[in-house]
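Asks: Just passing along the structure, written as structure tokens.
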Amino acid sequence: HKLIQHPLPIKPPGFTESTKQPTLHLTKKEMKRQRKRRRAERQRDIQDKQAAGLLPPPEPRLTLSNFMKVLGDEATLNPSQMEQKVMEQINARKLKHERMNEERKLSKEQRSEKRKRKLAEDTSNSFVGLHVALFLVKDMSHTYHRTKVDLNAQQNGITGGVLECSCPKLALVIAEGGPKAIKRYVRLMTVRMKWRGENFHGESDDDDDDDIEEEEEVAQVLPGGEGTTSTSTTTTKTQKFNPNNSCELVWAGMGTKRMFHNFSFQSCATSEAARKVLEARGVAHFWDQVLVHASGRAEEFHFKLGGDDDDDDDGGEKRGMMEVSEE
């Protein structure tokens, strides 16, 4: 007889016994079908218990339109008393409905926690990814703009910051976050924000209840209270809006990882100092990109390409970035 030797099975590297089973996600149609089936089974159990005498039969649901048909002769003999009984049942159903709604109502802390869960996104997931947006703002000195930009970044879990430069006079806003958070932030910066202060004290955002709560939080942070008519005059005297202010979306795309740990504000005197700040974070190309974007408006910002100046006597270095024109 021949000896048959069976080799012992060798487990592959990284194999574990407790392999996590994949989660089965149902579609909306399947979830509705299962919910309908569960409700039907629950109702069937109640009917079986009522047929067996374990539960009392339910009272007929009376309304002003059907009580004559349901009660029959009893309603004909004493209609006033039957109508009073119907109204009591209607009021009892209404009170029960309102009580159930009040029990399900979330508290202020629970609403805040639910909103945080709704806004939270896992950017480490390859399917979600990290999204980045760059904005060019001419003037970020107003308290309203600074407060709202910072508050929305914290609420949406956005990292990055605002880098203000004195020469040339501009501000770079960097936003890193999930796709939904960046989408909301882009809409804030390009649509909702009142950069020139138009109808600031007489108009509110037309989004949803979350934006109304956000406006209240901004009003609490701003000087002058809740932004009422009596206090708005004092705020306007202390700080006015720039009528020539504007904000532009320079670039929006995907990133590999977060380059910032939080959202902060920083000011620099020159363009070179601002570039060094971003170079320490590994995103110096963000500043170059903003300057290249702003080069189409040289009359407003008064800067030009470093290698295109024919009157440059010292033969400056051609870095491919913008330099302040010496006029």
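The values are calculated or read from the model by the stated rules, or taken from the named source; none is laboratory data. It should be emphasised that the depicted structure is a prediction, and the values quoted were computed from it without experimental measurement. Cβ sites come from the backbone with ideal geometry, for glycine too, and all protein chains shown count toward neighbours. For the accessible areas, the whole protein counts, side chains as well, though only heavy atoms, and no ligand, DNA or RNA atoms are used. Shrake-Rupley method; radii C 1.70, N 1.55, O 1.52, S 1.80 Å.
Asks: Being open to solvent by less than 30 Å² (accessible area, probe 1.4 Å) and within 30 Å of the chain's Cα centre (by Cα) is the filter; apply it to the stretch 289-323 and report the residue that is modelled with the lowest pLDDT.
Replies: Taking the candidates together, the pick is A294.
Asks: Quick one: which of E59, E30, E74 is surrounded by 10 or more Cβ atoms within 10 Å (Cβ to Cβ), under 49 Å from the mean Cα position of the chain (by Cα) and among the acidic types (D, E)?
Replies: Of the residues listed, the single one that is surrounded by 10 or more Cβ atoms within 10 Å (Cβ to Cβ), under 49 Å from the mean Cα position of the chain (by Cα) and among the acidic types (D, E) is E30.
Asks: Next up: What strands (runs of 3 or more DSSP E) completely inside the stretch 91-199 contain at least 2 residues that are open to solvent by 30 Å² or more (accessible area, probe 1.4 Å)?
Replies: 159-167
Asks: Does the stretch 13-29 contain any residue that is more than 30 Å from N156 (Cα to Cα), assigned to a helix (DSSP H, G or I) and out of contact with any Lys or Arg (no Cβ under 8 Å at 6 or more places or on another chain)?
Replies: Yes, because at least one residue in the stretch 13-29 is more than 30 Å from N156 (Cα to Cα), assigned to a helix (DSSP H, G or I) and out of contact with any Lys or Arg (no Cβ under 8 Å at 6 or more places or on another chain).
Asks: For the stretch 238-266, which residues satisfy the criterion of being of a type outside the set (A, V, I, L, M, F, W, C) and under 18 Å from N125 (Cα atoms)?
Replies: G253, G255, T256, K257, R258, H261 - these are the residues of the stretch 238-266 that are of a type outside the set (A, V, I, L, M, F, W, C) and under 18 Å from N125 (Cα atoms).
Asks: Within the stretch 174-199, can you find the residues that are within 16 Å of H142 (Cβ to Cβ) and either in contact (Cβ under 8 Å) with a residue 40 or more places away in the chain or under 17 Å from the mean Cα position of the chain (by Cα) (or both)?
Replies: L188, M189, R192, M193, K194, W195, R196, G197
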